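Note sheet for the following structure.
The values are calculated or read from the model by the stated rules, or taken from the named source; none is laboratory data. Bear in mind the structure is a predicted one, so any value in this text is a computation, not a measurement. Every residue, glycine among them, receives a Cβ derived from its backbone with ideal geometry; neighbour counts consider all protein chains shown.
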Amino acid sequence: MQNLSARQNELIQLPIHSIIFLEGVAGTGKTTAAVGRLLTLIQQGIPAQQIFILVPQRTLAQPYREVTNDPDLPPGGAVTILTIGGLARRLVELFWPEIAESAGFHYPEVPPTFLTLETAQYFMAKLVRPLLEKGYFASLSLDPNRLYSQILDNLNKAAIIGIPYTEIGGRLKSAWNGSPGQLRVYDDVQECASLFRQFCFEHNLLDFSLQIDLFLTHLLPNPMVKAALNQQYRHLIADNLEEDIPVTHEFIRQWLPHLESALLIYDLGGGYRVFLGADPTSAYSLKDRCSQKIQFDASFIHDDPQRNLLEMMNCSLNDILPPSPTSELRTRLQTISQRFYPQMLDLVTKRICTLINEEGISPQEIVVLAPYLNDSLRFSLTNRLERAGIPVRSHRPSRALREEAVIRTMLNLAVLAHPQWLERVPLNKADLAASFFLTLDGLDLIRAQLLANSVYFEQNKKGKLAPFEKIAPSIQERITYRIGEKYERLRTWITEYASQPAQELELFFIRIFDEILTTPGFRFYQNERAGELVANLVESVQKFRWSIPPSLPLGAAESGLEYIQMLQEGVIAAQYLRSWEREASEAVFLAPAYTFLLANRAVDVQIWLDIGSSGWYERLFQPLTHPYVLSRNWENGKVWTAEDEQRVSQQNLSRIVLGLLRRCRRMVWIGFSELGESGFEQRGLLLRAIQRTLEIINQEQSNG
Amino acid sequence: MLKLPVDFTFNQSNLQDFLECPRRFYLGHVRRLLWPNREMSSESANQRRLQLGKTFHHLAQQKALGIADEKIQRQVATQSLEIQSWWQTFSEWWENSVNRDLNGDRYAETILTTGLSGSRLVAKYDLLVIHPEGDVTIFDWKTVTHPIPTKYLSQHVQSRVYPFVFSRAYAALLSGRKIAPEQVTMVYWFTADPFHPQRLTYHSRQYEVDEDYLIHLLTDILQRTDKDFPLTTNEKHCAHCVYRTYCDRRVSDKDEENRLDENDNPPLVFPEDWEQVSEINY
Ligand code: SF4
């Protein structure tokens, strides 16, 4: 373990049987101390399998996972590391026979089907679509997929604060003070949420909200579940409680009296996941339940100038009289300024090169942050850095499958192999040309288009491929007979497949990949990227099919078509993780600010972009839900006003800016262009606060 | 020196992969390359058995947790005939064994782990029974199509890893109580032959042999470079391998038949891939 401070050692050495609340701002070594405490527990003979580590999201478990994988750790059981969602799911799975009937499921003897966010959205779409046609939500112009996801979000919020889902509409209505038309929208929201929940009970479907509901109302009070938890686990470490949901806090509150030891960790100034239901206030209330209360104050990250910068920014953000800036401060907050956005990005790239090549800062000690990281910013900056020879990785944990050309090709081939689908999934010649280009080795784009134009035709609303020999000899020659032979192999395979009864869509993808596309002469031959993408597609199809409960049977062809339609409409985004992006860790990191904050690590240099954007503090436009009203801290019946909106914006900005500065060791660079990415002049609360801070620094310097 | 993923641990399943084909180990566990293959399809026989195996293990865990038989039985009644028949014989065997092999404190789905050769070796046990006199039985439920004779079972790496890790980690499991390898028995219980479980007794000499063997095996793997993971020379291992099109080891139907007919190295691991799945937390 790294060198520990006296305060950290003190905490680690506390008697085993202690219930501890540890608080402190980011960078004061709380998690390091908790990891030390975990090791001490194990070394003092506590069986590892009795230790439970609870974190709000998987990434925050990394330090604990690393230490439990350490080969030097004595032999023994395994520590359990879970999120509350993971625990709820595990308990529901195991104790389903105990709770299903009393919870009201229509088929308690049949195992439940767990829904992902996407499959939940699919069922929500099925239920809500007919209502949209009847005029529900008529006053809103909102992408239907966002509409479905916000209704689900409401169910989740109700579950995590522990209120009945039937109260969603009423709560939203009572806080509304705008046009009366919106009240009708909230009624529609309630009706859809209730319909969905009813549907879940009828078909044993469990979305996240219902899992959490069952956890709180049926599992926790169940004596068998209680006994199993209490027998297995005697020690709890719960980290980043401020990022967790009220149900977690309630669970801990009930569990504490039965535990031999607990270490509850709270990050002062955190609470970045409020929009996901995190509740720092409810987390902090656990402090009273702990016999030992400890606060860490000394930062392992900041030196005096950096501390000074943090204070200055805090004052600028909150209109407080600032302290005097230290002389070094000028080097700690600097700007990269240009009139136009692309030039600013050029300068940012140059600056990063200087930091790495001349000042010896390692690439992984640099992050580039913006409130959102859209594709164009990611592409522009990644491109520039790669050209300059700088290793770079971007936060893009997931990407929609249908954005990938390989996947679009697989979908086109599926439509060709199921000609009757054409009516509902159109196929055009340009798409087909791209598919030929991507699969037939040696074919260029121009000849691919020629081939598609020559062989594809539609007959009786069915798409067909003509044999190569049927096209004009002059065109055959231009395309070449070598390509013609490959095309024929593909066509024959598809024609044969189409003449048989349809198989499950996943099997179609596997077979065509296996039997044709990965054979020599085709472009997927030993093509790892295509392999990974198709494997993700197969998995996504499977998950979709497995989410269809036995009570709603769908044939192979229907479920395949349903999947493709849902994917194309974006109901199923089929997000996947690209393994070729998972690996490069010694690289400059581009990320949205929130993602970096939740990664729980500090770096030497931060570069902030888009500081004129209101995305730093304003909540997303979500007309069907409200993260602050559907919260335990909102008094039911109170009206949400413009002042409330302003107050939370201000709070969010302070929280995020101070959070970032607490995770920065040496300097912040501000990339600023007078005209933002979309060409408009920049303004906004963050820009104003930074300008104020810079003015004071400059003034002091010129005075001094 | 090999660079393994940060969360990598050795277990019987990835070691078995290495022993059958170093390349498969490298692609699957070092590179973690995803590659579409027929085994992924729920229409494949192996995938079907994997799902049946998962369901069976799940029910067995519920039973060990003390969920009432009639409640489990109601779930079983909605499952396939295979599961129903497995469950019936399992319940009978359980009933007959309560006062014998199953007599004692029971721990279902327990993970134990030990450091070895600068890495971690993990084993997940379907059921551990600590008998009143201090002896221990390790149970492993096997849902493969045919029972496997003891002479083959004892050669499987699982039969080395499980009692070895258990003997090392036992003290930590039960607050410092020590155990001699002689007190450990490993029982493979086959759905295909429920009333004749295969018993492998353990002893100190075997423990030493296994320790030596596993140290050598892990060291051998860890000292390799990315280029030292050749394709297997025994192409029969390719028949059900997920990478067979990637490696261009396409197998004709006839080869597959040969593979099934010969049955000279019965697969023990893949239908129980459950272990791999459930070792992942969250
Ligand atoms: S296909 Fe054969 S050679 Fe390739 S990884 Fe699998 S077992 Fe090894």
B:T78 vs (1) at the interface with chain A (Cβ under 7 Å from one of its Cβ atoms); (2) in contact with an Asp or Glu (Cβ under 8 Å, 6 or more places away or on another chain); (3) crowded, with 19+ Cβ neighbours inside 10 Å: all pass except (3)
Hey, among A:D431, A:D514, which residue is within 14 Å of chain B (Cβ to nearest Cβ) and without any contact (Cβ under 8 Å) to a residue 40 or more places away in the chain?
A:D514
Spot the failing condition for B:S91; the list is (1) modelled with pLDDT of 95 or more; (2) within 12 Å of another protein chain (Cβ to nearest Cβ), and only one is missed.
(2)
Tell me, please, whether a residue that is over 26 Å from A:A228 (Cβ atoms) and within 16 Å of the ligand (Cβ to nearest atom) can be found in the stretch B:46-61.
yes
Cβ contacts < 9 Å: first residue under 15 Å from B:D228 (Cβ atoms) and within 14 Å of chain A (Cβ to nearest Cβ), restricted to the stretch B:11-28; second residue away from the ligand (no atom under 12 Å from the Cβ) and among the polar types (S, T, N, Q), any location; separation 6+ or different chain. Result?
none
Are any residues in the stretch A:518-560 of a type outside the set (S, T, Y) and over 24 Å from B:Q51 (Cβ atoms), and if so, which ones?
A:P520, A:G521, A:F522, A:R523, A:F524, A:Q526, A:N527, A:E528, A:R529, A:A530, A:L533
What number of residues in the stretch B:1-25 are closer than 18 Å to B:A239 by Cα and of a type outside the set (K, R)?
10
A:R171 passes all but one of (1) assigned by TED's automatic domain parsing to the domain that holds A:F275; (2) modelled with pLDDT of 95 or more; (3) basic (K, R); which number fails?
(1)
Is at least one residue of the stretch A:149-156 closer than 30 Å to B:I67 by Cβ, at pLDDT 95 or above and touching a helix residue (DSSP H, G or I) at 6+ places or on another chain (Cβ under 7 Å)?
yes
I'm told B:K71 meets every condition in (1) touching a residue at least 24 places away in the same chain (Cβ under 8 Å); (2) part of a helix (DSSP H, G or I) except one. Can you identify the failing condition by its number?
(1)
Checking B:Q198 against (1) buried (at least 19 other Cβ atoms within 10 Å of the Cβ); (2) farther than 28 Å from A:L73 by Cβ; (3) within 16 Å of the ligand (Cβ to nearest atom), which test does it fail?
(3)
Residue by residue through the stretch A:151-183, note down the ones that are over 25 Å from the mean Cα position of the chain (by Cα), buried (at least 20 other Cβ atoms within 10 Å of the Cβ) and basic (K, R).
A:R171
Qualifying positions in the stretch B:20-38 - away from the ligand (no atom under 11 Å from the Cβ) and assigned to a helix (DSSP H, G or I)
B:H29, B:V30, B:R38
With criteria (1) within 10 Å of chain A (Cβ to nearest Cβ); (2) farther than 26 Å from A:A48 by Cα, B:I111 comes up short on (2)
Kindly establish whether A:T31 is out of contact with any helix residue (DSSP H, G or I) (no Cβ under 6 Å at 6 or more places or on another chain) and either crowded, with 18+ Cβ neighbours inside 10 Å or more than 7 Å from chain B (Cβ to nearest Cβ) (or both).
no
So for the stretch B:224-241 (the condition being away from the ligand (no atom under 16 Å from the Cβ), crowded, with 18+ Cβ neighbours inside 10 Å, away from chain A (no Cβ under 14 Å) and in a helix (DSSP H, G or I)), does at least one residue qualify?
no
Looking at A:P71, A:P56, A:P97, which is the one that is assigned to a loop (DSSP other than H, G, I, E, B) and under 21 Å from A:L206 (Cβ atoms)?
A:P56
Test: B:N46 is assigned to a loop (DSSP other than H, G, I, E, B) and away from chain A (no Cβ under 12 Å):
no
Could you check the stretch B:219-238 and list, in sequence order, the residues that are out of contact with any helix residue (DSSP H, G or I) (no Cβ under 8 Å at 6 or more places or on another chain), farther than 12 Å from B:R23 by Cβ and not acidic (D, E)?
B:T219, B:L222, B:Q223, B:T225
